[in-house]
Amino acid sequence: QSTIKWRMQTYAGPALAEHVVKPAIDTFNKIAGDRMQIELFFADQLVPTGELFQAMQRGTIDAVQSDDDSMASPTEVTVFGGYFPFGSRYSLDVPVLFNQYGLDKIWKEEYAKVGVQHISAGSWDPCHFATKDPINSLKDLEGKRVFTFPTAGRFLSQFGVVPVTLPWEDIEVAVQTGELDGIAWSGITEDYTVGWADVTNYFLTNNISGAWIGHFFANQGRWDELPEDLKELLKVCMEQSHYYRQWWYWGGEASLRVNGDKLKLTTIPDAEWQTVEDAAVKFWDEIAAESETKAKIVEIFRKYNSDMNKAGRPYRYT
Amino acid sequence: MSYELIAILMFSTMMLMLMTGQRVFGAIGFVAVIAALLLWGDRGGYDLGFSAAMKLMKWYPLLTLPMFIFMGYVLSESKIADDLYKMFHVWMGGVHGGLAIGTIGLMVLISAMNGLSVAGMAIGATIALPELLKRGYDKRMVTGVIQAGSSLGILVPPSVVLVLYAMIARQPVGQLWLAGVVPGLMMAAMFIIYIWARCRLNPELGPVLPPEERNIPLSEKLALLRAGVLPLVIFAAMMIPFVNGWTSLVESSAIGALAAFLAAVLKGRMTREVFEVSVRSTLGISCMFMWIILAALAFGAVFDGLGAVKAIENLFTEKMHLSPWMILILMQLSFIVMGTFLDDTAMLVIVAPLYVPLVQALGFDLIWYGILYTITTQIAYMTPPFGYNLFLMRAMAPPEIGLRDIYASITPFVAVMVVALVVVMIFPEIALWLPDLVYNK
Amino acid sequence: MERGLRVFVRLTDRFNRRVGRIMMYGIFVMMGILLWSSISKTFFLPSLWTLEMAQFAMVAYYILGGPYSIQMGSNVRMDLLYGDWSESRKAWFDAVTVLFLMFYLGILLWGGIGSTAYSLGHFGTEPFAFFGNLIKGFVTGGIDGANEVLGRPERSPTAWRPYLWPIKCIMVLGIFLMLLQSLSELAKDILRIRGADIPREAI
Ligand code: NA
Ligand code: NA
């Protein structure tokens, strides 16, 4: 029997993928051996990230690691992938939302409608600004050309931020060629890992979301063809990758804030930042008004966050 | 069939197809899509060609390409370089080979105003070449001077080749451009020394200008220097906002194009015909580049999909046990060999993605390597059978210059370039000093 | 047959030349967008749309201008052997090798049609059937009928979020014109083989 071969493309570049996906795929390949091998490709390598979804649906690539927003999924859930402003505070919020609050079921249904298998959701880092010039107040955000997620960009544009979306791999160069003034895409771990810390000077400690939501997907046909045990193995390895990220980012964020020497930290005072948090409440309403599915998801986010607030410390401190 | 074998097959098929003299982009594109179809078939193999078009669209620095091409055509077609040439003519006429030396000076200034070698070739062939031949300069030498001098266009900033390299190697364009300055000037100086020495030994190669032509009053001589101001203004209009971060790279290229256009208008040289030729040729040359890049991106994606990079890396380091320097030298040699056959854009998009990660893995500086790459490309521009400067020279040269002269003319200059390449390899500081100074890396 | 070929060549070349002559002024469109981008950035707030718009303009420029660039003979060839061949030998070789080009363009067109169908909301793998239904819908039910066939249209994943179908339609049209132009080149090569004297470059 011949080896099953899959091509998987992640939206992360090689340096980041070294942590966030490669270990899991290596593990899978080691265990599956002659039965199945996954070849891993990095951001924009086979197809541009904007075409990822279509390429997976058609089978140019068999599996994808990405958030819904960056790969422009044609689904109702796309705005919630990546960073949904103030949707979560900690990276553990994401698996809880998916496994205990029902998001997983909604995601699987929505992707089934467009012929794609949603395998599992995982969480990454919080969304902070890394910029060339310091940001100490909301006013400093005005006119900044910032690389960010489409939905985050839509939200941030009310504060004068000019969101720019470019191929992920081109960001470092784009900061240097002046196409960008900064990045609102990740936490500090990613800034250091992928080299953005070398081209920016300041890191804003306020974030617009505590955790990224991203997923593993597969082409429906390819997934259906897999024997059950390989499906299980794939799921387990992906869970392992989610787990790796939980501690890698959690520890990394704190450590680099304290020990990193490439980025100076700045903070917008809580009272002023409240304006942004208040704006998110309106933004949620706006999104909920767009469709029934979106309203349902926003309701889940509301319920979850209110539960967490009621639970008090250590779940929420304010 | 192993992936290595498929990769080799793809490459050799492409080479073979190129030999038939068909359009380069057609050959590359055909091999790319047929390989994608054979490998991936109904699993999306047919998408790969078009998905390269979407990739190209998102590659924003490519916007500089039509801008710099337009700039080059405006400069050459409007003949605003004539005054510059006159300046060098009078000032350098008294030296052995002085006019040829002046032509190199002219080429350096032209290089500072555009990102390719096309403009330098056009200006050199239309303004300098007839004058030099009229004064009895050796035809082989001056043909070489113009080809070699114009190739500086891709090493001295702004440079389109370095922009494309920057995108592939993910290196900062600003630093790469600065890294090209000193090697570019060094290479120009080496050309000049070569010309001067040869004409000292062989005065009939480049006779001194008759006294009546150069004994003009000092005031007039000084007035001629004003011609040198224009290139400086255009260069400054483009580079100052960019280096200061006021405008981005692509915006600066548009400012440069506008500045060249306005300069031609102000000097009264923007006639209807100049306008027509510049606009039309810009479309032709831009389309040529873009379609090659489009095809090469698809080829590169298939190559990547095969894991050809890993195969080559493996071959060099694991199987052949070569030292990093040996690999680097082998890579430069293979680049030069491939450069004789392949178009530089194709070479950059197909070969560079294989080599750049390797260079990085070996621990070399990618800014420095960008300069090595560019010098290799310059050599490739001039070496038969395939070289842009060769083609352009053939198209533009007056009838008394035959194909044999053109081929023969490049030999000493290619030798000088190889020396320059070796010097920059041994002394990386030549390239890295300026960017380190400015960016304090 | 010869007459037919000549008519085809004349019509194709004339049409593509006209398109190319319009597209060549696209250089000023790109320049204008980028200059506006620098101005707005320096004096007002930077615009959301400039970079992406310039990219769209660039794509339209080189894809729709492509056929005219073929007419002008701008595409480089490796002429190690080719350069020394006689006109008829060149024509023979070209008549064969242009088929490779047409194959490449055909695949490009195929992918482009699929991608355009996707951009109009077709998530399946039957783009041709989709366009068939779209046309049928339009014929039977007008705009509303066509709308029923359309799905969720693709938008660029940027904050500006432009719809992508217009640029994809332009790309498909341009690739189709390229294919027509290569057919015309083939026709010219056949005419050359039959002894006609047709210039290899025309501006
Ligand atoms: Na230059
Ligand atoms: Na060459």
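The values are calculated or read from the model by the stated rules, or taken from the named source; none is laboratory data. These numbers come from a predicted model, not from an experiment. Neighbour counts run over all protein chains shown; Cβ positions are idealised from the backbone, glycine included.
The one condition from (1) at the interface with chain C (Cβ under 7 Å from one of its Cβ atoms); (2) under 25 Å from the mean Cα position of the chain (by Cα) that B:VAL33 does not meet is (2). State the number of residues belonging to the range A:227-243 that are within 19 Å of the chain's Cα centre (by Cα) and buried (at least 18 other Cβ atoms within 10 Å of the Cβ). Of the residues in that region, 4 qualify. Taking the range C:1-37 as the range and being closer than 26 Å to B:MET54 by Cβ, part of a helix (DSSP H, G or I) and not hydrophobic (A, V, I, L, M, F, W, C) as the test, the residues that pass are C:ASN16, C:GLY20, C:GLY26, C:GLY32, C:SER37. Of the residues making up the range C:116-142, those that are among the acidic types (Asp, Glu) and facing another protein chain (nearest Cβ under 9 Å) number 0. Taken over the range B:1-30, the criterion of being farther than 15 Å from B:ALA296 by Cβ, among the charged types (D, E, K, R) and facing another protein chain (nearest Cβ under 9 Å) is satisfied by no residue.
Residues considered: B:GLU318, B:GLU273, B:GLU251. Of these, the only one that is more than 16 Å from ligand 2 (Cβ to nearest atom), modelled with pLDDT of 85 or more and either polar (S, T, N, Q) or over 28 Å from B:LEU176 (Cβ atoms) (or both) is B:GLU273.
I'd like to check something: does the range B:325-339 contain any residue that is within 16 Å of ligand 2 (Cβ to nearest atom), over 18 Å from B:VAL145 (Cβ atoms), outside any helix (DSSP H, G or I) and within 14 Å of chain C (Cβ to nearest Cβ)? Looking for residues that are within 16 Å of ligand 2 (Cβ to nearest atom), over 18 Å from B:VAL145 (Cβ atoms), outside any helix (DSSP H, G or I) and within 14 Å of chain C (Cβ to nearest Cβ), one finds none in the range B:325-339, hence no.
Identify, please: which residue in the range A:1-32 is within 11 Å of another protein chain (Cβ to nearest Cβ) and in a helix (DSSP H, G or I) and is, among those, farthest from A:GLN117 (Cα to Cα)? By that ranking, first place goes to A:ALA15. Of the residues examined, B:ALA431 is one that is small (Gly, Ala, Ser) and either within 16 Å of ligand 1 (Cβ to nearest atom) or more than 14 Å from every other protein chain (Cβ to nearest Cβ) (or both). Among the residues making up the range A:143-171, those that are among the charged types (D, E, K, R) and within 8 Å of chain C (Cβ to nearest Cβ) are A:ARG145, A:ARG154.
Condition check ((1) part of a helix (DSSP H, G or I); (2) of a type in the set (D, E, K, R); (3) within 14 Å of chain C (Cβ to nearest Cβ); (4) surrounded by 23 or more Cβ atoms within 10 Å (Cβ to Cβ)) across all residues:
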| residue | (1), (2), (3), (4) |
| --- | --- |
| B:THR64 | yes, no, yes, yes |
| B:ILE69 | yes, no, yes, yes |
| B:LYS79 | no, yes, no, no |
| B:HIS96 | no, no, no, no |
| B:GLY105 | yes, no, no, no |
| B:ASN114 | no, no, no, yes |
| B:THR126 | yes, no, no, no |
| B:PRO130 | yes, no, no, no |
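Taking the numbered list (1) surrounded by 24 or more Cβ atoms within 10 Å (Cβ to Cβ); (2) more than 16 Å from ligand 2 (Cβ to nearest atom) in turn, B:ALA122 passes all entries but (1).
Screening B:GLY97, B:GLY115 for residues that are farther than 16 Å from B:MET393 by Cα, at pLDDT below 90 and more than 16 Å from ligand 1 (Cβ to nearest atom) leaves exactly one candidate, B:GLY97. For the range B:132-167, a tally of residues being away from ligand 1 (no atom under 13 Å from the Cβ), away from chain A (no Cβ under 14 Å) and among the small types (Gly, Ala, Ser) returns 3.
Yes or no: C:GLY106 within 11 Å of another protein chain (Cβ to nearest Cβ), part of a helix (DSSP H, G or I), within 26 Å of C:PHE56 (Cα to Cα) and touching a Ser or Thr at 6+ places or on another chain (Cβ under 9 Å)? In short, no. Against the conditions (1) buried (at least 18 other Cβ atoms within 10 Å of the Cβ); (2) modelled with pLDDT of 95 or more, C:THR50 satisfies every one except (2). Would you confirm, using the coordinates I've provided, whether B:PHE413 is free of Cβ contacts under 8 Å to residues at least 24 places away in the same chain and either of a type in the set (Phe, Trp, Tyr) or within 11 Å of ligand 2 (Cβ to nearest atom) (or both)? No.
If the condition is being more than 9 Å from every other protein chain (Cβ to nearest Cβ) and either aliphatic (A, V, I, L, M) or out of contact with any Ser or Thr (no Cβ under 8 Å at 6 or more places or on another chain) (or both), then the range A:172-195 contributes A:ILE183, A:ALA184, A:SER186, A:GLY187, A:ILE188, A:THR189, A:GLU190, A:TYR192, A:THR193, A:VAL194. Residues in the range A:188-220 that are among the small types (Gly, Ala, Ser) and closer than 29 Å to A:GLN117 by Cβ: A:SER209, A:GLY210, A:ALA211, A:GLY214, A:ALA218. Given the condition part of a helix (DSSP H, G or I), within 22 Å of B:PRO158 (Cα to Cα) and within 16 Å of ligand 1 (Cβ to nearest atom), answer yes or no: does some residue in the range B:285-301 qualify? Scanning the range B:285-301, I find at least one residue that is part of a helix (DSSP H, G or I), within 22 Å of B:PRO158 (Cα to Cα) and within 16 Å of ligand 1 (Cβ to nearest atom), so the answer is yes. Determine whether the range B:175-185 contains at least one residue that is surrounded by fewer than 24 Cβ atoms within 10 Å (Cβ to Cβ) and away from ligand 1 (no atom under 13 Å from the Cβ). Looking for residues that are surrounded by fewer than 24 Cβ atoms within 10 Å (Cβ to Cβ) and away from ligand 1 (no atom under 13 Å from the Cβ), one finds at least one in the range B:175-185, hence yes. Whenever a residue of the range C:78-104 is on the phi < 0 side of the Ramachandran plot, its partners that are hydroxyl-bearing (Ser, Thr, Tyr) and crowded, with 16+ Cβ neighbours inside 10 Å, lying with C-beta atoms within less than 6 angstrom and at least six residues away or across chains, give the pairs C:PHE93/B:THR20; C:THR97/B:THR20; C:VAL98/C:SER182; C:LEU101/C:SER182; C:MET102/C:SER182. Scanning the range C:11-43 for residues that are among the basic types (Lys, Arg) and at pLDDT below 95 yields one hit, C:LYS41. Here C:LYS168, C:LYS188 are screened, and the one residue that is assigned to a helix (DSSP H, G or I), closer than 30 Å to A:PRO163 by Cβ and within 22 Å of the chain's Cα centre (by Cα) is C:LYS168. Of all the criteria given as (1) touching a residue at least 40 places away in the same chain (Cβ under 8 Å); (2) closer than 30 Å to C:ARG89 by Cα; (3) crowded, with 17+ Cβ neighbours inside 10 Å, the one not satisfied by C:ARG200 is (3). Which condition number in (1) within 14 Å of ligand 2 (Cβ to nearest atom); (2) over 27 Å from B:ALA52 (Cβ atoms) is the one that B:MET347 fails? The failed condition is (2).
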